[in-house]
Amino acid sequence: MVKDAVKLAPSILAADFARLGEEIAAAEQAGADRIHVDVMDGHFVPNLTMGPPIVRCLRPVTRLPLETHLMISNPDAFLDDFAKAGSDTLLVHWEGNDNLHRTVQHVKGLGKRVGVVINPATPATVLEEILQDVDQVLIMTVNPGFGHQHFLHTTLPKIRRVRQMIERLKPGCELEVDGGINADTAPLVVQAGASVLVAGSAIFGHDEGVAAATKRLRAAASHSTN
Ligand code: DX5
Ligand code: ZN
């Protein structure tokens with residue numbers, strides 16, 4: 001993979017919600033490639049966050065694509081709302097979805113990009129049959145539900161396996177990772193084959209500011225031996 005092709009997706013979960021517009025503007029100015037919006041329902045994961053109104057408010061304040069990570073029990077019921085609100089990409093979990101192909105087709109029917117997410121204990125092989133239909137895969141490198149968690153190193157072999165699967169079945173499909181990504185772990189995931197890095201606490205909430213934090217993460221991602 002070309003090092004500079006690694007994309008950064010700041011997760012606003014770690015941002016100051018009272019200053020959300022400014023935080024996103026800072027991330028955009030610092031060279032972020034897209035904005036990651038974590039949606040949690042208190043059921044699929046033990047935490048509550050935001051819904052379509054937040055996406056609707058963010059849409060006019062940034063030119064960056066908005067990707068919406070749906071950690072909710074019935075994503076199908078909200079796809080239209082998030083699409084209408086301005087999400088560019090909808091990320092849906094493999095876990096708990098008995099009709100994933102239908103969900104993926106639903107997103108495509110809305111004219112949006114679609115990605116499938118797998119949790120740390122879910123094997124890479126479940127992606128095999130759906131890969132052809134998606135624009136990106138998201139491998140959780142922590143258990144979903146909270147920011148500021150430690151990266152699970154046990155996910156690295158899986159990232160390598162999914163990279164191989166993508167090269168075999170759908171070159172061009174993006175391989176994104178989410179959870180515990182910082183300047184220490186970024187080189188590891190890039191070396192394993194990740195092409196998009198989600199980062200919340202490594203970008204927002206630093207004393208050094210969003211610009212310096214983004215620069216530091218990008219530099220670290222480029223220092224992989226790939
Ligand atoms: C966790 C979310 C992540 C989270 C990452 O369930 O999906 O996107 O914001 O936060 P950090 O980068 O702090 O681990
Ligand atoms: Zn996320």
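The values are calculated or read from the model by the stated rules, or taken from the named source; none is laboratory data. Not measured: the values here are computed from a predicted model. Positions of Cβ are generated from backbone atoms using ideal geometry, with glycine treated the same way; all protein chains shown enter the neighbour counts. In case anyone asks, the SASA skips ligands and DNA or RNA and just uses the protein heavy atoms, side chains included. Shrake-Rupley method; radii C 1.70, N 1.55, O 1.52, S 1.80 Å.
Note on the stretch 173-219: Cα convex hull, mean projected area over all directions, 3.2 nm². Stokes-Einstein diffusion for the stretch 107-226, with the hydrodynamic radius set to the Kirkwood value over Cα pairs and evaluated at 37 °C in a medium of 0.692 mPa s, equals 222 µm²/s. Just so you know, the averaged projected area of the alpha carbon convex hull for the stretch 29-68 sits at 3.3 nm².
Pairwise alpha-carbon distances in the stretch 47-89 exceed 16 Å for 30% of all pairs. Taking a ≥ b ≥ c as the square roots of the eigenvalues of the Cα gyration tensor, an a/c ratio of 1.5 or more together with a/b no larger than b/c marks the stretch 1-56 as oblate. Computed log10 I(q)/I(0) for the stretch 88-150 at 0.13, 0.27, 0.28 Å⁻¹: -0.34, -1.20, -1.26, from the Debye equation with unit scatterers placed on every C-alpha and solvent omitted.
Across the chain, C-alpha contacts under 8 Å between residues 6 or more apart give a mean separation that, scaled by the residue count, equals a relative contact order of 23 percent. A simple packing score, the average count of other Cβ atoms within 10 Å per residue, orders the peptides 45-52, 210-217 as 210-217, 45-52, with the highest score first. Amide H contacts of VAL37: GLU67, THR68, HIS69, each under 5 Å away and 5 or more positions distant or on a separate chain (H built 1.01 Å from N in the peptide plane; Pro and chain starts excluded). Projecting the alpha carbon convex hull of the chain along each direction and taking the average yields 10.9 nm². Give me the percent of accessible area attributable to carbon and sulfur for the stretch 66-150, probe 1.4 angstrom. Carbon with sulfur: 49 percent of the solvent-accessible area.
Taking every Cα-Cα distance in the stretch 70-113 and sorting them into 10 Å bins starting at zero, the pair-distance distribution P(r) comes out as 30, 62, 8 percent. Considering all different alpha carbon pairs of the stretch 1-125, the Kirkwood hydrodynamic radius works out to 15.2 Å.
Among the listed pairs LYS84/LYS112; LYS7/LYS112; LYS158/LYS215; LYS7/LYS215; LYS84/LYS170, those with a Cα-Cα distance over 22 Å are LYS158/LYS215; LYS84/LYS170.
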